Amino acid sequence: MTNQPGILRPASPFERTTPHSESGCRQQSPRREESVKVLRHSHVPRKTSPISPERSAFFLGDKPSVYFYQSNGNNGITFRALNRGQPVINPTKGTGGVRDLSLIAGGGQEAGRRWYIIDAAQRTGSKSIFVWESTDLVTWAQERLVQVENTTAGMVWAPDAIWDAEKGQYLVHWASKFYPNSDPQHKGSPSAIRIRYAYTTDFRSFSTPQDYIDRSPTGIIDLNILPLGDNSYALSMKDETEKTVLTEVSTTGLFGTWTRPAGSSAVISSGVGGPAAYWDNQIQGKAYLLLDFYGSDGYRPYEATDVESGRWTASNRGGFPKNLRHGCVMPINATLAAALSARWP
């Protein structure tokens with residue numbers, strides 16, 4: 001196939017099993033009559049190999065803006081910059097800086113009609129997330145800062161979201177630490193960092209946040225969830241205490257029992273963060289996981305042919321750009337790819 005403009009990796013015009021939930025940087029497969037399918041996560045076990053380009057959105061090194069990349073043809077780990085390497089979005093609110101972004105495909109009635117970018121505000125002590133939305137992936141508007149945490153929170157880091165089909169809402173999650181009510185200036189010792197979550201239908205109003213993953217005294221940040229189908233999920237997250245990224249699997253839903261299949265002490269790598277998982281478009285059951293080597297050259301791709309084993313190995317990264325930071329990968333169809341390439345060459 002020829003290279004497709006506009007996004008980050010590709011997919012094929014055939015049916016595949018659609019999982020219960022869709023996660024950040026992910027879009028549900030369209031119906032058979034559509035000319036090109038889109039996909040990203042799912043127990044794929046995709047029964048076929050989609051062929052539509054995918055795009056990525058990244059935080060680039062120390063530059064606090066949003067950058068778009070696109071795959072070269074159907075290769076899931078070679079990318080080129082869109083917009084001639086310049087940012088597509090420059091935040092204007094707060095301190096004017098973002099990091100730890102996630103691109104969310106609409107779920108339910110918004111599937112194929114709306115997309116969101118959510119991001120952490122680059123400010124110490126922020127309790128809010130940035131939100132932009134789009135109806136075509138090309139034009140991004142309605143920039144806003146939305147508070148999601150209470151006054152005892154020390155920060156909101158690495159927000160991401162997954163469409164919970166059973167609830168019919170987006171489950172949004174992030175990392176926070178907390179100070180006692182008696183310490184409103186946050187001068188004392190906080191709690192360990194833990195993963196929090198809330199539900200929303202519009203990324204404007206959110207339910208009261210609750211704990212999602214609390215491994216105190218170990219701090220946990222940078223959660224990423226990959227749907228596997230059949231109510232199963234694989235998560236990747238950073239142990240902020242040990243500075244490692246690990247993976248766990250639940251076969252009983254988003255609020256099921258999480259286990260570490262590769263062993264209780266197994267990690268993927270050390271000195272890394274910002275995990276971002278997505279499925280390969282050509283090989284059934286193969287997935288990639290981007291890990292940010294934040295003390296070095298940024299994201300490097302890893303891969304697994306059996307995600308549920310929890311075992312990942314380093315990929316060939318000859319075509320992978322250097323100095324990309326915390327971001328994500330999402331598939332799109334050829335129409336969207338062409339529109340993006342035309343607007344952001």
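Tell me, which residue of region 228-262 that is of a type in the set (D, E, K, R) and part of a strand (DSSP E or B) is farthest from Ile162 (Cα to Cα)?
Keep residues of region 228-262 that are of a type in the set (D, E, K, R), which gives 230, 238-240, 242-243, 248, 260.
Cutting the leftovers down to part of a strand (DSSP E or B) gives us 238-239, 248.
Numbers: Lys238: 18, Asp239: 21, Glu248: 17 Å.
Of everything passing the filter in region 228-262, Asp239 is farthest from Ile162 (Cα to Cα).
Sub-6 Å Cβ pairs linking a first residue in region 247-267 that is at negative phi and of a type in the set (Ser, Thr, Tyr) to a second residue that is part of a loop (DSSP other than H, G, I, E, B) and surrounded by 14 or more Cβ atoms within 10 Å (Cβ to Cβ), at least 6 apart or interchain, are Thr247/Gly310; Ser250/Trp258, ordered by first then second residue.
Looking at region 312-333, is at least one residue in a loop (DSSP other than H, G, I, E, B), aromatic (Phe, Trp, Tyr), under 29 Å from Ile89 (Cβ atoms) and in contact (Cβ under 8 Å) with a residue 40 or more places away in the chain? Show your work before the answer.
Pass one, region 312-333, residues in a loop (DSSP other than H, G, I, E, B): 312, 315-323, 332-333.
Add one more test, that the residue is aromatic (Phe, Trp, Tyr), and what stays is 312, 320.
The next check asks that each one be under 29 Å from Ile89 (Cβ atoms); those that pass are 320.
Narrowing the set further to residues that are in contact (Cβ under 8 Å) with a residue 40 or more places away in the chain leaves 320.
There is at least one residue in region 312-333 that is in a loop (DSSP other than H, G, I, E, B), aromatic (Phe, Trp, Tyr), under 29 Å from Ile89 (Cβ atoms) and in contact (Cβ under 8 Å) with a residue 40 or more places away in the chain.
The single residue among Ala276, Ala192, Ala262, Ala266 that is under 17 Å from the mean Cα position of the chain (by Cα) and of a type in the set (Gly, Ala, Ser) turns out to be Ala276.
Yes/no matrix, rows are residues, columns are (1) touching a Phe, Trp or Tyr at 6+ places or on another chain (Cβ under 8 Å); (2) within 24 Å of Ala304 (Cβ to Cβ); (3) in contact (Cβ under 8 Å) with a residue 24 or more places away in the chain; (4) of a type in the set (Gly, Ala, Ser):
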residue: His173; (1), (2), (3), (4): yes, yes, yes, no
residue: Gln185; (1), (2), (3), (4): no, no, no, no
residue: Gly188; (1), (2), (3), (4): yes, no, no, yes
residue: Tyr197; (1), (2), (3), (4): yes, no, yes, no
residue: Arg204; (1), (2), (3), (4): no, no, yes, no
residue: Tyr212; (1), (2), (3), (4): yes, yes, yes, no
residue: Gly219; (1), (2), (3), (4): no, no, yes, yes
residue: Ile225; (1), (2), (3), (4): yes, yes, yes, no
residue: Ala234; (1), (2), (3), (4): no, yes, yes, yes
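Identify all residues within region 150-161 that are open to solvent by 10 Å² or more (accessible area, probe 1.4 Å) and touching a residue at least 40 places away in the same chain (Cβ under 8 Å); write none if there are none. Across region 150-161, the qualifying residues are Asn150, Trp157, Asp160.
Considering region 59-88 alone, what residues qualify as being open to solvent by less than 10 Å² (accessible area, probe 1.4 Å) and either modelled with pLDDT of 90 or more or within 19 Å of the chain's Cα centre (by Cα) (or both)? Lay out the reasoning, then the answer.
Filtering region 59-88 down to residues open to solvent by less than 10 Å² (accessible area, probe 1.4 Å) leaves 59, 66, 68, 70-71, 73, 76, 82.
Scanning region 59-88 gives Phe59, Val66, Phe68, Gln70, Ser71, Gly76, Leu82.
Checked against the criterion of being surrounded by 23 or more Cβ atoms within 10 Å (Cβ to Cβ), without any contact (Cβ under 8 Å) to a residue 60 or more places away in the chain and in contact with a Lys or Arg (Cβ under 7 Å, 6 or more places away or on another chain), the candidates Asp280, Asp292 yield just one match: Asp292. Of the residues screened, Glu166 is not one that is open to solvent by less than 50 Å² (accessible area, probe 1.4 Å), in a loop (DSSP other than H, G, I, E, B), farther than 30 Å from Leu82 by Cβ and touching a residue at least 40 places away in the same chain (Cβ under 8 Å).
Just give me the residues in region 81-107 being more than 19 Å from Ala277 (Cα to Cα) and of a type in the set (Lys, Arg), in sequence order.
Pass one, region 81-107, residues more than 19 Å from Ala277 (Cα to Cα): 81-98.
Those that are more than 19 Å from Ala277 (Cα to Cα) and of a type in the set (Lys, Arg): Arg84, Lys93.
On inspection, Thr218 qualifies as within 22 Å of Met155 (Cα to Cα), modelled with pLDDT of 95 or more, in contact with a Ser or Thr (Cβ under 7 Å, 6 or more places away or on another chain) and not in a strand (DSSP E or B). Every condition in (1) touching an Asp or Glu at 6+ places or on another chain (Cβ under 8 Å); (2) farther than 26 Å from Asn83 by Cβ; (3) not in a strand (DSSP E or B) holds for Ala339 except the one numbered (2).
State all residues of region 311-326 that are open to solvent by less than 10 Å² (accessible area, probe 1.4 Å) and under 25 Å from Ala266 (Cβ atoms); if no residue qualifies, say none.
Quick first cut of region 311-326, residues open to solvent by less than 10 Å² (accessible area, probe 1.4 Å) only: 324.
Result: no residue meets the conditions.
Number of residues in region 302-329 that are farther than 19 Å from Met237 by Cβ, in contact with a Gly (Cβ under 8 Å, 6 or more places away or on another chain) and not polar (S, T, N, Q) equals 3. Residues in region 176-198 that are among the hydroxyl-bearing types (Ser, Thr, Tyr) and in a loop (DSSP other than H, G, I, E, B): Tyr179, Ser182, Ser189, Ser191.
Being touching a Ser or Thr at 6+ places or on another chain (Cβ under 9 Å) and within 24 Å of Ser341 (Cβ to Cβ) is the filter here; which residues of region 119-141 pass it? Spell out the reasoning first.
Pass one, region 119-141, residues touching a Ser or Thr at 6+ places or on another chain (Cβ under 9 Å): 119-123, 126-127, 140-141.
Hits for region 119-141 are Asp119, Trp140, Ala141.
Residue count for region 90-108 satisfying the condition of being surrounded by fewer than 20 Cβ atoms within 10 Å (Cβ to Cβ) and under 18 Å from Gln142 (Cβ atoms): 5.
The values are calculated or read from the model by the stated rules, or taken from the named source; none is laboratory data. Worth saying up front: this structure is predicted, and the values here are computed from it rather than measured. Note that we place each Cβ from the backbone using ideal geometry, even for glycine, and neighbour counts take in every protein chain shown. Ligands, DNA and RNA are excluded from the accessible area calculation, which covers all protein heavy atoms including side chains. Shrake-Rupley method; radii C 1.70, N 1.55, O 1.52, S 1.80 Å.
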